[in-house]
Ligand SMILES: [Zn+2]
Ligand SMILES: [Zn+2]
């Protein structure tokens with residue numbers, strides 16, 4: 001490998017406020033969690049520790065990288081792995097949001113009108129979902145069942161079917177509140193007969209809300225979380241605390257609105273640009289979207305709050321129902337004899353298979369902004385993946401990129417001034433390669449993007 005091999009698209013995650021906050025306080029956070037935060041933010045989850053460690057290494061060459069070679073001028077580049085952790089890593093999550101929106105519009109949705117629904121539950125019930133995240137799946141089904149019953153009544157054609165994509169979000173405008181609710185992208189009507197679609201008439205949201213309330217309370221009762229007495233009490237409330245919002249109809253030609261909404265389904269739990277970290281005070285200031293309000297958090301509290309929005313390993317946050325269910329999509333694919341949904345990744349991947357998957361994934365990810373040489377704009381090709389600790393060190397030392405105190409584990413304090421990257425480096429805040437062993441890669445269909 002020639003000298004002065006530049007780093008392709010170095011991000012500087014260690015300079016972002018979230019990263020600095022986590023880096024500075026993670027040790028303490030882990031130590032005091034049970035005592036200080038378990039009550040409010042749920043039990044300590046060892047998986048969270050793994051997510052945080054990976055996040056701290058995201059985009060860091062010391063964690064491994066790919067070697068790229070320009071097909072025209074032969075120049076070499078290094079590209080660091082990214083952590084691909086959902087929600088906790090703002091950079092990886094944001095990339096996923098964009099890709100998901102595109103994928104949904106291109107490969108899942110059909111050209112019919114849609115509506116955006118939001119289903120929320122009363123405060124008094126939220127804690128059940130914090131302490132037992134599996135209930136979120138049941139909540140998602142409650143929204144689907146209510147919507148299905150409702151639309152079937154609105155479009156009473158025989159064997160009519162509808163489709164919905166239900167996304168679970170656990171945060172509202174202030175990320176420290178655990179606020180489980182559902183964002184639903186549903187067909188505004190139903191499919192029937194051979195490829196026909198009938199739009200739903202205007203309907204009364206209050207009726208849908210009642211269905212949803214009944215469905216959720218029955219579910220919690222069935223699971224032994226609440227008593228009949230509790231249900232009766234809630235049914236007596238004038239304002240139930242259950243709410244269903246419904247947006248304007250989105251027509252098939254409104255492609256941008258649809259893609260924006262599709263992306264919104266898995267939006268990030270916080271916006272890094274609205275966050276400030278004050279190292280001396282060990283505090284985080286977070287601004288509201290309109291910039292009019294702000295809240296100050298203790299740094300440890302910030303990490304705890306962000307941690308509650310990290311899904312379990314492999315936990316599905318988006319579910320596909322009716323016409324969009326995996327089963328129906330599979331049948332549709334077979335019938336058309338074309339793979340209209342790219343199967344990017346196989347289950348049970350071996351190391352060799354994982355490598356091929358990366359290459360495919362990189363191709364997909366960079367279709368929009370392909371990897372090009374900074375000198376001649378020629379196409380770059382991945383020639384190897386460097387993962388072995390010794391080899392990583394040797395190469396980075398040779399290139400003068402090795403930091404003796406590079407992070408084996410998060411420390412209580414940041415290292416003194418990281419060395420600047422070589423001058424030829426591209427500046428880009430976009431992403432790097434996906435890391436391996438990510439929960440995402442265990443499923444055969446692109447539903448993996450959020451499972
Ligand atoms: Zn070149
Ligand atoms: Zn990341």
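The values are calculated or read from the model by the stated rules, or taken from the named source; none is laboratory data. Quantities reported herein were computed from a predicted structural model and do not represent experimental measurements. Every residue, glycine among them, receives a Cβ derived from its backbone with ideal geometry; neighbour counts consider all protein chains shown.
Here is how the numbers come out for the structure above:
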| item | result |
| --- | --- |
| Residue selected from segment 37-54 under the condition in contact with a helix residue (DSSP H, G or I) (Cβ under 7 Å, 6 or more places away or on another chain) and not in a loop (DSSP other than H, G, I, E, B), by the criterion farthest from ligand 1 (Cβ to nearest atom) | 41 |
| Members of segment 88-125 that are within 16 Å of ligand 2 (Cβ to nearest atom), farther than 30 Å from residue 398 by Cα and assigned to a helix (DSSP H, G or I) | 90, 93, 94, 95, 96, 97, 98, 99, 100 |
| The lone exception for residue 33 - which of (1) crowded, with 20+ Cβ neighbours inside 10 Å; (2) under 23 Å from the mean Cα position of the chain (by Cα); (3) within 22 Å of residue 315 (Cβ to Cβ) it fails | (2) |
| All positions within segment 7-29 that are touching a strand residue (DSSP E or B) at 6+ places or on another chain (Cβ under 8 Å) and modelled with pLDDT of 90 or more | 17, 18, 20, 21 |
| Pairs where the first residue, in segment 376-399, is in the same structural domain as residue 62 (by TED's automatic domain parsing) and part of a loop (DSSP other than H, G, I, E, B) and the second is at pLDDT below 85 and away from ligand 2 (no atom under 16 Å from the Cβ), C-beta under 7 Å, 6+ apart | 378/372; 399/5 |
| Candidates 254, 229 - the one that is in the same structural domain as residue 301 (by TED's automatic domain parsing) and surrounded by 14 or more Cβ atoms within 10 Å (Cβ to Cβ) | 254 |
| Test: residue in segment 197-205 that is part of a helix (DSSP H, G or I), assigned by TED's automatic domain parsing to the domain that holds residue 155 and at pLDDT 85 or above | yes |
| Any hit, segment 161-171, residues being in the same structural domain as residue 317 (by TED's automatic domain parsing), out of contact with any helix residue (DSSP H, G or I) (no Cβ under 6 Å at 6 or more places or on another chain) and not in a strand (DSSP E or B) | no |
| Some residue of segment 73-87 being touching a residue at least 24 places away in the same chain (Cβ under 8 Å), within 14 Å of ligand 2 (Cβ to nearest atom), assigned to a helix (DSSP H, G or I) and touching a helix residue (DSSP H, G or I) at 6+ places or on another chain (Cβ under 6 Å) | no |
| Single match in 173, 94 (criterion: surrounded by fewer than 16 Cβ atoms within 10 Å (Cβ to Cβ) and either in contact (Cβ under 8 Å) with a residue 40 or more places away in the chain or within 22 Å of the chain's Cα centre (by Cα) (or both)) | 173 |
| The listed residue being surrounded by fewer than 21 Cβ atoms within 10 Å (Cβ to Cβ), modelled with pLDDT under 85 and not assigned by TED's automatic domain parsing to the domain that holds residue 301, out of 64, 42, 74 | 64 |
| Failed item, numbered, when residue 32 is tested on (1) modelled with pLDDT of 90 or more; (2) touching a helix residue (DSSP H, G or I) at 6+ places or on another chain (Cβ under 6 Å) | (2) |
| Any hit, segment 206-224, residues being at pLDDT below 95, assigned to a loop (DSSP other than H, G, I, E, B) and farther than 22 Å from residue 138 by Cβ | no |
| Selection status of residue 106, in the same structural domain as residue 253 (by TED's automatic domain parsing) and either within 16 Å of ligand 1 (Cβ to nearest atom) or under 30 Å from residue 258 (Cβ atoms) (or both) | yes |
| Residue within segment 45-57 that is at pLDDT below 85, near ligand 2 (Cβ under 10 Å from one of its atoms) and not assigned by TED's automatic domain parsing to the domain that holds residue 131 present | yes |
| Within segment 61-72, tally of residues that are within 16 Å of ligand 2 (Cβ to nearest atom) and assigned to a loop (DSSP other than H, G, I, E, B) | 1 |
